[in-house]
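Student: Would you mind keeping the following structure in view while I ask a few things?
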């Protein structure tokens, strides 16, 4: 499977059904970096505060580091477009996917849409059910033997939405696994934005093209296809 969080999640949660995943622009794989917010330790998604001042959190950037808009900008836009997660925007989609259902039947918001204050009860639910790195750390003894060699991730080190940070945390854990070793692969594109697809094997130093990726995936599937237990 290819593409994003869904590709990684399906492989992690259904390790026997899928034979491998190539997550080329994964969303938050560890909610200590939900984009740039630590859902477990931070109190506010929109700003960093100390006794002296408040600093707005960026929501998106260009590869040169210039900020396109803030977390508050994007979330207030979604709230105006459709409150209670009805905007169809990215943050609403994540709440519907990662979290529980509130009493009113809508997805429970992970933070207050106006103030950005994080709901720690909802964050705890996310951690238990949807945080891929936390899940792997809790369950490696049982799922690890069925995932070894199957996880492949590529991400730009200047991902437009800061998603490389969670990937770093996932890689840190998988490097520590020994029973069995994860044998996972990670590629980071220097100064590359969201949905960088990895390095070309045929043209060193260049970006992997869609056509070459198809060939790589086909070779992978041939090498890892189920083997028949008897002659037919």
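Student: Residue check: is residue 85 in the same structural domain as residue 166 (by TED's automatic domain parsing) and modelled with pLDDT under 95? Quick ask: steps written out before the conclusion?
Tutor: Working: in the same structural domain as residue 166 (by TED's automatic domain parsing): no; modelled with pLDDT under 95: yes.
It is false that residue 85 is in the same structural domain as residue 166 (by TED's automatic domain parsing) and modelled with pLDDT under 95.
Student: Among the residues of the stretch 161-178, which ones are assigned to a helix (DSSP H, G or I), free of Cβ contacts under 8 Å to residues at least 40 places away in the same chain and farther than 17 Å from residue 198 by Cα?
Tutor: Scanning the stretch 161-178 gives 172, 174, 175, 176.
Student: Now a separate question. List every residue pair whose Cβ atoms lie under 7 Å apart, where the two residues are 6 or more positions apart in sequence or sit on different chains, the first residue falls within the stretch 179-204 and is assigned by TED's automatic domain parsing to the domain that holds residue 22 and outside any strand (DSSP E or B), and the second residue, located anywhere, is modelled with pLDDT under 90 and exposed (fewer than 13 other Cβ atoms within 10 Å of the Cβ).
Tutor: 200/206
Each row is one residue, and each column tells you yes or no for (1) crowded, with 19+ Cβ neighbours inside 10 Å; (2) under 21 Å from residue 224 (Cα atoms); (3) out of contact with any strand residue (DSSP E or B) (no Cβ under 8 Å at 6 or more places or on another chain).
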| position | (1), (2), (3) |
| --- | --- |
| 132 | yes, no, yes |
| 142 | no, yes, yes |
| 149 | no, yes, yes |
| 154 | yes, yes, no |
| 157 | no, no, no |
| 163 | yes, no, no |
| 169 | no, no, yes |
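Student: Quick check: is even one residue across the stretch 103-111 touching a residue at least 24 places away in the same chain (Cβ under 8 Å), surrounded by 15 or more Cβ atoms within 10 Å (Cβ to Cβ) and either in a loop (DSSP other than H, G, I, E, B) or at positive phi (or both)? Walk me through how you get there before you give the answer.
Tutor: Filtering the stretch 103-111 down to residues touching a residue at least 24 places away in the same chain (Cβ under 8 Å) leaves 109-111.
Of the ones still in play, those that are also surrounded by 15 or more Cβ atoms within 10 Å (Cβ to Cβ) are 109-111.
Checking which are either in a loop (DSSP other than H, G, I, E, B) or at positive phi (or both) leaves us with 109-110.
Yes, the stretch 103-111 has at least one match.
Student: Can you give me the ranges of the strands (runs of 3 or more DSSP E) entirely in the stretch 1-90 with at least 2 residues that are surrounded by 19 or more Cβ atoms within 10 Å (Cβ to Cβ) and under 15 Å from the mean Cα position of the chain (by Cα)?
Tutor: 21-23
Student: Among (1) modelled with pLDDT under 95; (2) closer than 21 Å to residue 162 by Cβ, there is one condition residue 69 misses while meeting the rest; what is its number?
Tutor: Just one mismatch for residue 69, condition (1).
Student: Would you confirm, using the coordinates I've provided, whether residue 123 is touching a residue at least 24 places away in the same chain (Cβ under 8 Å), assigned to a loop (DSSP other than H, G, I, E, B) and touching a helix residue (DSSP H, G or I) at 6+ places or on another chain (Cβ under 8 Å)?
Tutor: Values: touching a residue at least 24 places away in the same chain (Cβ under 8 Å): yes; assigned to a loop (DSSP other than H, G, I, E, B): no; touching a helix residue (DSSP H, G or I) at 6+ places or on another chain (Cβ under 8 Å): yes.
No, not satisfied.
Student: Restricting to the stretch 184-206, and then to whatever is on the phi > 0 side of the Ramachandran plot and within 19 Å of the chain's Cα centre (by Cα), can you tell me which residue is surrounded by the fewest Cβ atoms within 10 Å (Cβ to Cβ)? Full working, then the answer.
Tutor: Going residue by residue through the stretch 184-206, those that are on the phi > 0 side of the Ramachandran plot are 191, 195, 198, 205.
Next, from what is left, pick out any that are within 19 Å of the chain's Cα centre (by Cα): 191, 195, 198.
Numbers: 191: 11, 195: 15, 198: 22.
Once the filter is applied, the top-ranked residue is 191.
Student: Residue check: is residue 171 at pLDDT 95 or above and either under 20 Å from the mean Cα position of the chain (by Cα) or not assigned by TED's automatic domain parsing to the domain that holds residue 74 (or both)? Please lay out each step first, then the result.
Tutor: Details: at pLDDT 95 or above: yes; either under 20 Å from the mean Cα position of the chain (by Cα) or not assigned by TED's automatic domain parsing to the domain that holds residue 74 (or both): yes.
For residue 171, the condition - at pLDDT 95 or above and either under 20 Å from the mean Cα position of the chain (by Cα) or not assigned by TED's automatic domain parsing to the domain that holds residue 74 (or both) - is met.
The values are calculated or read from the model by the stated rules, or taken from the named source; none is laboratory data. Just so you know, these numbers come straight off a predicted model, no measurement behind them. FYI the Cβ positions are ideal-geometry reconstructions off the backbone, even for glycines, and counts take in every protein chain you see.
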